[in-house]
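All remarks here apply to the structure that follows.
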């Protein structure tokens with residue numbers, strides 16, 4: 001279970017790094033999808049939004065890891081919990097990027 005706590009903390013740290021540092025478009029770090037790589041404005045918008053999600057997911061996953069560790073809960077549930085949060089975040093960011101595209105055209 002310690003590995004899940006470390007994973008949650010890692011997601012949290014990555015989210016904080018992306019949130020508080022200026023990262024130009026690249027192929028190594030950040031939220032990289034065809035839509036987010038479209039322009040510098042898309043890149044910044046998508047990464048700031050995903051960074052907020054990553055911070056929230058990191059905190060929730062770390063807390064859940066501690067609770068699951070002491071509660072002797074099967075680790076598969078923690079993995080499903082974290083992956084579900086990540087999937088929801090991706091859907092949210094892509095939906096927001098679609099709206100961002102629409103708003104920029106108007």
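Remarks
- Residues of segment 33-48 include at least one that is outside any loop (DSSP other than H, G, I, E, B), modelled with pLDDT of 90 or more, within 30 Å of residue 99 (Cα to Cα) and more than 17 Å from the chain's Cα centre (by Cα).
- Of the residues in segment 87-103, not one is surrounded by 13 or more Cβ atoms within 10 Å (Cβ to Cβ) and part of a loop (DSSP other than H, G, I, E, B).
- Selection of segment 45-85 for residues being loosely packed, with under 13 Cβ neighbours inside 10 Å and farther than 30 Å from residue 22 by Cα yields 67, 70, 71, 72, 74, 76, 77, 80.
- Near pairs, Cβ below 6 angstrom, 6+ apart or cross-chain, from segment 80-102 (free of Cβ contacts under 8 Å to residues at least 40 places away in the same chain) to any residue that is surrounded by 12 or more Cβ atoms within 10 Å (Cβ to Cβ) and assigned to a helix (DSSP H, G or I): 81/64; 85/57; 89/53
- Condition check for residue 73: over 25 Å from residue 32 (Cβ atoms) and either at pLDDT below 95 or in a helix (DSSP H, G or I) (or both): yes
The values are calculated or read from the model by the stated rules, or taken from the named source; none is laboratory data. Computed from a prediction, not measured in an experiment: that's the story for all the values here. As a convention, Cβ positions derive from the backbone with ideal geometry for all residues, glycine included, and neighbour counts pool all protein chains shown.
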